[in-house]
Amino acid sequence: MSNINQSETRTSSSERAVIEVRNLVKHFSLNDSFLDNFLGNDEYVEAVSDVSFSIAEGETLALVGESGSGKSTVANLVTGLYAPTSGQVLFEDKPIESVKARPADILSEIGMVFQDPKASLDPRLTIRRSIAEPLHSQEWNKQRREERVDELLDLVNLSDTHADRYPHELSGGQAQRVAIARAVALDPRVLVLDEPVSALDASVQAKILNLLMKLQEEMGLTYLFIAHDLNVIEHIADRVAVMYLGNLMEIAPAEQLFEQPTHPYTYTLLSAIPSLETGTTDGRIILEGDVPSPVHPPSGCVFHTRCPVAEDECGTTVPNFEQVDNAQSKCLFAQKFAEEYSDR
Ligand SMILES: Nc1ncnc2c1ncn2[C@@H]1O[C@H](COP(=O)(O)OP(=O)(O)OP(=O)(O)O)[C@@H](O)[C@H]1O
């Protein structure tokens with residue numbers, strides 16, 4: 001057991017980090033009017049609070065947590081859509097701003113897939129034109145673009161007959177395949193997947209997850225996979241990062257996290273997953289109280305107001321990350337908690 005600094009929640013030095021997030025902070029101001037500025041009102045939402053992690057080449061890091069925990073904000077910071085309030089995102093050791101300075105570069109390095117595939121496709125464009133759109137950034141002639149669209153349709157297991165349809169003529173699963181084809185059109189290194197299967201039926205979810213795993217293997221892709229549902233990521237994630245109220249609470253290899261969570265918040269998320277045998281969530285821990293406001297987060301550990309095992313110290317002391325086996329856990333009692341949990 002050891003206490004470690006938050007900035008050390010990274011891949012081991014032998015693995016090459018494709019994405020590295022260092023002490024990332026993002027505030028959204030709530031008082032932007034002239035009067036607010038004049039009166040010095042500077043209230044803000046602390047959407048992401050000192051988050052650090054890295055993702056190794058070919059790895060899938062899942063980012064999980066309840067609604068409002070800051071997952072999408074992290075995704076938008078990693079793709080350079082948002083500028084951080086402080087901290088840094090590095091893509092292959094280069095600050096993301098320098099990659100973003102040339103829009104074609106960022107598109108070809110980091111692709112993005114969203115929750116609602118139909119909303120991410122232009123309803124006026126045929127599937128062929130939608131998939132071809134990012135290819136216009138390349139100096140390719142029409143024939144080369146057409147060939148690439150055919151390759152991409154094949155890659156995501158859609159037949160040519162889909163090429164001339166419009167988004168409204170596709171099922172949710174087919175539309176997500178098209179969105180994935182677009183995202184990988186320029187052969188990126190990284191895909192940021194923001195709840196890519198949340199809007200789909202369970203049977204379709206499994207097919208899209210299988211497709212993502214196949215593409216990762218064939219194209220050597222690195223994934224940042226965002227989900228609120230731990231069920232979805234159990235088989236796809238190599239490591240899991242758990243967020244609560246803008247903070248990273250635990251980061252661990254997926255197998256260890258599902259077997260022996262080291263943070264009480266992870267435990268409560270796991271206890272919400274229905275048992276495979278009974279289909280019920282018997283023994284589930286229901287968190288008391290509402291999620292606190294990200295404008296005035298609790299002192300000490302941000303989870304202490306809802307934590308089922310909090311002690312007095314948790315309300316006053318901000319935990320550092322503690323190493324428990326291969327997990328890093330932002331809990332003052334991580335070791336004790338993990339031992340007690342494994343006895344259950
Ligand atoms: N543009 C914005 N302006 C103000 N507040 C924002 C903005 N975007 C996000 N927030 C706030 O930041 C916090 C984190 O939001 P975020 O969308 O990143 O969480 P999330 O975990 O992705 O949730 P969800 O799964 O519901 O999308 C929330 O309190 C949210 O209300």
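FYI, it's all coordinate maths here, none of it is from the lab. Please read all numbers here as calculations on a predicted model, not as lab measurements. Don't worry about glycine lacking a Cβ; one is built from the backbone with ideal geometry, like all the others, and counts go over all protein chains shown.
General observations
- Amide H to amide H distances under 5 Å link residue 222 with 58, 190, 191, where only residues 5 or more positions off or on other chains count and H is placed in the peptide plane.
- Normalised radius of gyration (Cα atoms, divided by 2.2 N^0.38 Å) for segment 182-266: 1.15.
- The chain - Kirkwood radius from inverse mean 1/r over Cα pairs (Å): 21.4
- Interchain or long-range residues, amide H under 5 Å from residue 244's placed H: 249
- When the C-alpha to C-alpha distance is required to be over 32 Å, the pairs from 118/330; 71/100; 214/336; 118/214; 26/142; 26/207 that qualify are 118/330; 214/336; 26/142; 26/207.
- Close amide-amide hydrogen proximity is noted between residue 82 and 77, each under 5 Å apart and 5 or more residues distant or on a separate chain (H modeled in the peptide plane; Pro and chain starts excluded).
- Only Lys, Arg, Asp and Glu carry charge here, each on its Cβ (+1 for the first two, -1 for the last two); on that basis the chain has a dipole of about 1000 debye about its Cα centre.
- Spin-label model distance (nm) - residue 203 vs residue 318, 7 Å beyond Cα toward Cβ: 5.0
- Entry note, the chain: relative contact order of 21 percent, from Cα contacts under 8 Å with a spacing of 6+ residues.
- Estimated purely from DSSP H runs of n ≥ 4, each contributing -39500 (n - 2.57), the mean residue ellipticity at 222 nm for the chain is -8500 deg cm²/dmol once divided by its residues.
- Modelled FRET efficiency - R0 35 Å, residue 16 with residue 124, Cβ distances, 0.05 increments: 0.25
- Only one residue of 63, 200, 341 has its Cα farthest out toward the positive end of the dipole of the chain, where Lys and Arg carry +1 and Asp and Glu -1 on Cβ, and that residue is 200.
- Dipole in debye (nearest 20) - segment 216-267, about Cα centre, beta carbon charges: Lys, Arg +1; Asp, Glu -1: 240
- Gyration tensor (alpha-carbon) shape descriptor, segment 48-205, a/c threshold 1.5: oblate
- Relative contact order (percent, whole number), segment 159-232, Cα cutoff 8 Å, 6+ residue spacing: 36
- Gained length - residue 159 relative to residue 311, 0.36 nm times residue gap less alpha-carbon distance: 48.9 nm
- Beta bridges from DSSP with both residues in the chain: antiparallel share about 60 percent, rounded to the nearest 5.
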